[in-house]
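The values are calculated or read from the model by the stated rules, or taken from the named source; none is laboratory data. Every value quoted in this text rests on a predicted model; they were computed, and no experiment measured them. Note that each Cβ is placed from the backbone with ideal geometry, even for glycine, and that neighbours are counted across all protein chains shown.
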Amino acid sequence: MRGMRRAGSRYLLRVLCLVVTVGGLTLAGVRLAAASIGDSGECTVSTLSAAVLGAAPFGGGTALTIAVAGSSGTTCWVLGKPTVALLDAAGTGLLLNVGSALGGDGTHCLGCTPGPVPVSTTQDAVFYLNYVPDANATGPCPAVATLRIGLPDQTGGVTVPASFPSCDLVTVTAFQAG
């Protein structure tokens with residue numbers, strides 16, 4: 001795009017949409033914004049650390065707030081939905097399909113605009129892992145002991161402790177600024 005390129009930087013064009021309904025009247029607006037994503041590019045799993053910041057009741061279940069931070073001293077960015085593997089106490093993967101919250105494609109997030117989220121040692125990206133008891137679950141439900149958090153299209157991950165039944169319905173939101 002003309003006037004949107006600087007030497008040494010890359011830009012991403014974001015479309016921000018707002019729809020408000022007040023007293024039966026719907027107003028909609030669209031804003032275009034250019035956001036610099038810097039020179040460091042996309043984060044790699046090996047440059048990240050993660051921590052569970054807290055848990056809160058949500059939709060009949062629990063929502064964990066999980067922060068991802070950079071550990072390399074440079075700023076990089078994350079985009080989309082993290083991959084999450086549920087592990088038991090021995091580190092064995094539990095067979096469960098972790099779904100995408102709020103949309104199914106992993107790009108939707110509550111109260112945020114999906115896009116590249118900068119991450120550094122002083123700037124976190126967060127996502128929410130929601131789990132709700134599954135009334136239709138049958139058979140043994142081993143406990144989840146650890147979450148392995150990865151990035152789309154990358155192997156490996158960083159681990160954080162967690163504890164809930166593996167038979168719960170689990171969804172994950174997209175990354176957003178922490």
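General observations
- Residue selected from the stretch 64-98 under the condition at pLDDT below 65 and surrounded by 14 or more Cβ atoms within 10 Å (Cβ to Cβ), by the criterion farthest from residue 127 (Cα to Cα): 96
- The residues on offer are 161, 133, and the sole one that is surrounded by 14 or more Cβ atoms within 10 Å (Cβ to Cβ), under 23 Å from residue 56 (Cα atoms) and over 14 Å from the mean Cα position of the chain (by Cα) is 133.
- Count of residues meeting criterion [aliphatic (A, V, I, L, M), more than 16 Å from residue 64 (Cβ to Cβ) and exposed (fewer than 15 other Cβ atoms within 10 Å of the Cβ)] in the stretch 137-158: 1
- Counted residues, the stretch 55-87 - those being within 13 Å of residue 130 (Cβ to Cβ), small (Gly, Ala, Ser) and in a strand (DSSP E or B): 4
- Among residues of the stretch 150-178 that are farther than 20 Å from residue 116 by Cα, those with a beta-carbon under 7 Å from a residue that is modelled with pLDDT of 90 or more and not in a strand (DSSP E or B) at least six positions away or on a different chain give the pairs 156/45.
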